[in-house]
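*Asks:* Could you have a look at this structure, given as structure tokens, before my questions?
The values are calculated or read from the model by the stated rules, or taken from the named source; none is laboratory data. Every value quoted in this text rests on a predicted model; they were computed, and no experiment measured them. Neighbour counts run over all protein chains shown; Cβ positions are idealised from the backbone, glycine included.
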Amino acid sequence: MTDRPIAVMWFRNDLRLSDNPALIAAAKWARENNGTVLPVFILDPVISDQLGGATKWWLEKSLSALNKDIAKLGDSKSDHALRLFKGNAKTILERIADENPVQAVFWNRLYDKPSTERDTDIKSILQDRGLTCESHKANLLFEPWDVKTGSGTDFKVYSPFWRACQKLPPPREPHAVPDSVSLFKGEVYGQTNITDFDLAPKPVDWAGGLDDRFTPGEQGAKDQLFDFIDDRLTDYAEMRDRPDHRVTSELSPHLRFGEISPYQIWHAANHYADANPGKGKTASKFISELGWREFTHHILYHATDLRTVPLQGQFKHFPWSEDAKSLRAWQKGHTGFPIVDAGMRELWHTGYMHNRVRMIVGSILVKHLLIHWRDGLAWFDDTLVDACPANNPFSWQWIGGCGADATPYFRIFNPVLQGEKFDPKGDYVRQWVPELRDMPEQYIHKPWEASPLILKAAGVTLGKTYPEPLIGLKEGRERALHAYQDMKQAAG
């Protein structure tokens with residue numbers, strides 16, 4: 001045990017060293033008080049409840065990377081520079097404070113109800129014990145309580161929300177990594193190791209495709225940002241909806257775990273626009289996606305329970321269908337709609353799906369098949385590496401027509417038209433649905449319209465080598481509209 005005072009740096013969804021206000025504050029406090037910093041990560045029930053198979057895989061990789069980065073920053077040769085704990089966060093932090101000369105605790109804010117309730121409780125308890133306890137703004141550009149309508153209410157529609165944000169002072173410049181951090185070197189009772197977190201894929205390692213696509217950790221996030229800025233941002237505004245071209249940033253899983261901050265992305269995109277006259281439109285379009293992320297987190301902060309309760313109350317009366325067979329076919333990419341199946345198979349293999357395709361596959365599930373949006377949310381929660389408490393439930397409510405700024409329920413995506421528009425040559429489908437690779441371009445998104453001769457030449461037998469559609473497009477659309485009318489009548 002040491003007599004030097006300790007500042008606990010509590011990492012959560014901010015697994016980075018650069019632009020980390022709580023870490024900067026902890027290092028400053030330790031320096032001014034001749035103390036040390038104790039970096040901790042606690043796998044508590046709040047965090048565990050927000051993890052699926054793919055995000056568990058990511059978290060394990062990210063924590064390992066952060067541990068190495070902290071060790072370098074603190075000039076430590078320890079394999080446990082980041083101390084890991086599992087259990088109730090309040091109990092663990094109190095025990096650490098009981099058994100060590102802890103005088104301060106720092107963390108960065110989260111915005112979902114379980115996290116805010118936990119953090120408020122912990123802050124009150126620690127302050128009552130006489131500890132310095134600070135929470136910091138790090139993972140949103142604008143705080144939910146700072147963006148209001150003219151009448152002082154919360155925004156429910158994105159466009160006026162983002163206009164209001166742009167009238168506020170611009171986001172600060174990103175902070176640098178602290179020059180050095182004096183780490184606490186002693187033992188801490190109850191700390192565990194990454195293996196005990198039990199995050200690795202089981203019973204077999206199914207994550208090869210995830211490994212091929214992503215590099216979790218702060219350095220991986222920075223590399224992804226710079227690759228996007230250098231190679232793909234120039235085409236972003238025009239090509240962002242094309243899954244057959246790699247144009248999007250794919251930064252969402254890094255943002256989900258806070259390996260990079262929105263401030264770093266905001267300023268990188270603006271610096272690109274400043275250095276490339278005439279490219280302001282594409283940079284602005286990309287920055288607006290950061291705005292959409294802000295919007296989802298603001299909705300999350302104000303919502304009662306975004307995961308389970310529709311923001312539009314009338315949807316409590318919607319006549320959802322119980323269809324386990326169709327749900328399973330959708331999950332595995334066997335719906336008979338090529339662009340849908342391509343997206344679901346990309347998701348299964350890589351833990352990721354292009355955003356345009358997410359909207360298409362969601363619409364098929366919720367509207368044509370009438371399967372509850374919560375079933376789609378649960379599958380995405382388990383399989384997406386970027387599944388976060390804000391964007392995932394917000395997006396499923398949006399697709400279902402029951403969320404904030406949602407597309408009306410009667411606006412129903414046609415997967416054939418969507419495929420022909422955004423994957424015109426069928427390259428995306430051919431990549432992920434190889435049984436259709438020899439289909440002519442004219443029929444790649446609607447093989448059921450091809451003649452028996454064309455199907456035979458392509459090696460396709462509908463119902464055998466590739467499934468027939470789960471439901472007719474016209475039939476599914478009409479059924480969805482009838483269900484919508486039934487809901488309106490039931491809601492009065």
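*Asks:* Output the number of the condition that G190 fails; it satisfies all remaining conditions of (1) crowded, with 18+ Cβ neighbours inside 10 Å; (2) touching a strand residue (DSSP E or B) at 6+ places or on another chain (Cβ under 9 Å); (3) of a type outside the set (S, T, N, Q).
*Replies:* Checking G190 against (1) crowded, with 18+ Cβ neighbours inside 10 Å; (2) touching a strand residue (DSSP E or B) at 6+ places or on another chain (Cβ under 9 Å); (3) of a type outside the set (S, T, N, Q), the one that fails is (1).
*Asks:* Check the range 280-299 and report whether any residue there is among the polar types (S, T, N, Q) and in a loop (DSSP other than H, G, I, E, B).
*Replies:* Within the range 280-299 (the criterion being among the polar types (S, T, N, Q) and in a loop (DSSP other than H, G, I, E, B)), the answer is no, since none of the residues qualifies.
Results for (1) closer than 23 Å to N13 by Cβ; (2) aliphatic (A, V, I, L, M); (3) surrounded by fewer than 22 Cβ atoms within 10 Å (Cβ to Cβ); (4) in the same structural domain as A54 (by TED's automatic domain parsing), shown as yes or no for each residue.
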{"site": "G208", "(1), (2), (3), (4)": "no, no, yes, no"}
{"site": "L233", "(1), (2), (3), (4)": "no, yes, no, no"}
{"site": "D244", "(1), (2), (3), (4)": "no, no, yes, no"}
{"site": "P253", "(1), (2), (3), (4)": "yes, no, no, no"}
{"site": "A273", "(1), (2), (3), (4)": "no, yes, yes, no"}
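*Asks:* Closer than 14 Å to R374 by Cβ, basic (K, R) and surrounded by fewer than 17 Cβ atoms within 10 Å (Cβ to Cβ): which single residue out of K325, K316, K332 fits that description?
*Replies:* Step by step, each of K325, K316, K332 is checked, and only K316 is closer than 14 Å to R374 by Cβ, basic (K, R) and surrounded by fewer than 17 Cβ atoms within 10 Å (Cβ to Cβ).
Per-residue answers, yes or no, for (1) closer than 25 Å to T350 by Cα; (2) aromatic (F, W, Y); (3) outside the structural domain of K113 (by TED's automatic domain parsing); (4) not in a loop (DSSP other than H, G, I, E, B):
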residue: W379; (1), (2), (3), (4): yes, yes, yes, yes
residue: P424; (1), (2), (3), (4): yes, no, yes, no
residue: Q442; (1), (2), (3), (4): no, no, yes, yes
residue: L455; (1), (2), (3), (4): no, no, yes, yes
residue: I471; (1), (2), (3), (4): no, no, yes, no
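Yes/no matrix, rows are residues, columns are (1) closer than 29 Å to G209 by Cα; (2) of a type in the set (D, E, K, R); (3) assigned by TED's automatic domain parsing to the domain that holds N20:
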| site | (1), (2), (3) |
| --- | --- |
| Q50 | yes, no, yes |
| K56 | yes, yes, yes |
| E117 | no, yes, yes |
| I122 | no, no, yes |
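*Asks:* Could we say that A176 is within 30 Å of K222 (Cα to Cα), surrounded by 14 or more Cβ atoms within 10 Å (Cβ to Cβ) and at pLDDT 95 or above here?
*Replies:* No.
*Asks:* Turning to a different aspect of this structure: At least 1 residues that are within 16 Å of the chain's Cα centre (by Cα) and without any contact (Cβ under 8 Å) to a residue 60 or more places away in the chain in each: list the helices (runs of 4 or more DSSP H) lying fully within the range 171-268 that qualify.
*Replies:* 218-231, 252-256
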